[in-house]
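Comments concern the structure below.
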Amino acid sequence: AALAVGNDTGPMHLAAAMGCPATVLFSRDSDPSLTAPLGRVPGQVRVIRVDDLATLSVDRVAASLG
């Protein structure tokens, strides 16, 4: 895949491990400093953290993709 977008789940960790650029969505219930996927190179994994994922807009996610 050219890019993976999703919440903090196993598939996002697999995508990052395979070298796929990933944008991972976190709510206040998860701490990305503890559980974010580890990419192969700096900048491969982007994190968006909001209090409630239900309030996260598609526009904000799209804007983070560059």
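The values are calculated or read from the model by the stated rules, or taken from the named source; none is laboratory data. Remember, predicted model here, so these are calculated numbers, not experimental data. Cβ placement follows ideal geometry from the backbone for every residue including glycine, while neighbour counts extend to all protein chains displayed.
Scanning segment 11-66 for residues that are of a type in the set (Ser, Thr, Tyr), under 21 Å from ALA1 (Cβ atoms) and modelled with pLDDT of 95 or more gives a single hit, THR23. Exactly one residue among SER57, SER30 is among the polar types (S, T, N, Q) and surrounded by 14 or more Cβ atoms within 10 Å (Cβ to Cβ), and that residue is SER30. With the requirement that a residue be among the basic types (Lys, Arg) and in a loop (DSSP other than H, G, I, E, B), what does segment 13-66 give you? Answer for segment 13-66, where residues must be among the basic types (Lys, Arg) and in a loop (DSSP other than H, G, I, E, B): ARG28, ARG40. Being loosely packed, with under 13 Cβ neighbours inside 10 Å, touching a Pro at 6+ places or on another chain (Cβ under 9 Å) and of a type in the set (Gly, Ala, Ser) is the requirement here; does ALA15 meet it? No: the conditions fail for ALA15.
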